[in-house]
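Reading through the structure tokens given below for one structure.
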Amino acid sequence: MYRYTWRTGVLEVVMILVALIFLFPIYVLFNLAFKATGDQSSTLAPPERFTFDNFAQAWSQGGLGNALINSAIVTVVTIAMIVIFSAAAAYPLSRVGARWSKITYFAFLAGLLLPVQLALLPLYQIIRDLGLLGTLWGVILVGVGGAMPFSIFLYAGFMRALPAEYEEAAALDGASAFRTFWSVVFPLVRPITGTVAILNAVWTWNDFLTPLLYLSGSQQKTITVAVYGFVGQYGAQWNLIFAGIIISILPILVAYFLLQKYIVQGFAGGLKG
């Protein structure tokens, strides 16, 4: 029988305090977003008058509609390319035991050790020489290349744990290597595919530095860069910034609630793998 003791009470108090610490930034975010521009009350004080004008102004002045579309295009295309290329690269690296396979695998893993800042200038020159500066494809290619090492690492570890009997049975039925990968192996790694897609989708959607660097000087903006546009040289429009942040996280929240079941299954399956 469950007994409510003083230890239970202490744990509840600690959990409530931790929850309040996490909720405090969210309270400030919503409080400032709904506060009128001329409201002189304290940051922590509730608004004297709730208003949606900040959201309307942020949407129109920042061009958040086009920015959301650009972020969605970059995120969807980047995730699709990461999943396809990482799984295809990890398959031979996890199955072929030759020396070149191990060298190539560790060469990919070396990408995890290199600081991102070290590659900024060479990547910028490559994207410039390809004529992709100011285009979404420049951001997509950099995002795909940056996420490949960790994604290959996850896929290769999961594929090594798969029994080889499935592929041997497919080979006996006359399936080619590509057919075996696409029809047999790729469906079996669905749990780790979900994990790779979720981790990289959140990172790509929230990425600020890459679109700021490769889209600067053009009319193309992602949602993070568009929100940054409310920061001026001599000040910032904090009410519009916080309203823009709320608008920017809405698609991620909607996607999470719609796909919550599959996201939990993907993480659980990926961690078990």
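Residues in segment 139-169 that are aliphatic (A, V, I, L, M) and farther than 20 Å from Ala89 by Cα were compared, and the one that is surrounded by the fewest Cβ atoms within 10 Å (Cβ to Cβ) is Ala169.
Considered as a group, the residues in segment 170-184 that are of a type in the set (A, V, I, L, M) and open to solvent by 40 Å² or more (accessible area, probe 1.4 Å) include one that is nearest to Pro92 (Cα to Cα), and that residue is Ala177. Pull up segment 214-248, narrow it to residues that are of a type in the set (Phe, Trp, Tyr) and assigned to a helix (DSSP H, G or I), then point me to the one that is farthest from Gly63 (Cα to Cα). Looking at the filtered set, the residue picked out is Tyr214.
Take the conditions without any contact (Cβ under 8 Å) to a residue 12 or more places away in the chain and open to solvent by 60 Å² or more (accessible area, probe 1.4 Å) and apply them to Gln233. Does it pass? Judged against the criteria, Gln233 is a match.
Taking residues in segment 80-104 that are more than 16 Å from Gly145 (Cβ to Cβ) and outside any helix (DSSP H, G or I), and partners anywhere that are among the hydrophobic types (A, V, I, L, M, F, W, C) and open to solvent by 40 Å² or more (accessible area, probe 1.4 Å), not one pair has Cβ atoms closer than 9 Å while being at least 6 places apart or on different chains.
Every condition in (1) in contact (Cβ under 8 Å) with a residue 12 or more places away in the chain; (2) farther than 27 Å from Ser216 by Cα holds for Tyr124 except the one numbered (2). If the condition is being open to solvent by 80 Å² or more (accessible area, probe 1.4 Å), of a type in the set (D, E, K, R) and more than 30 Å from the chain's Cα centre (by Cα), then segment 28-66 contributes Glu48, Arg49.
For segment 158-172, does any single residue satisfy the condition of being under 22 Å from the mean Cα position of the chain (by Cα) and part of a helix (DSSP H, G or I)? Yes. Can you find, within segment 105-138, the residue that is most open to solvent (accessible area, probe 1.4 Å) among those that are modelled with pLDDT under 85, part of a helix (DSSP H, G or I) and not aliphatic (A, V, I, L, M)? Applying the filter and picking the extreme gives Gln117. Being open to solvent by 30 Å² or more (accessible area, probe 1.4 Å) and assigned to a helix (DSSP H, G or I) holds for only one residue in Pro251, Pro211, and it is Pro251.
The values are calculated or read from the model by the stated rules, or taken from the named source; none is laboratory data. Remember, it's a predicted structure, so these values are computed and weren't measured experimentally. Heads up, the Cβs are rebuilt from the backbone with ideal geometry, glycines too, and the neighbour counts pull from every protein chain shown. All accessible areas refer to the heavy atoms of the entire protein, side chains included, with ligands and DNA or RNA removed. Shrake-Rupley method; radii C 1.70, N 1.55, O 1.52, S 1.80 Å.
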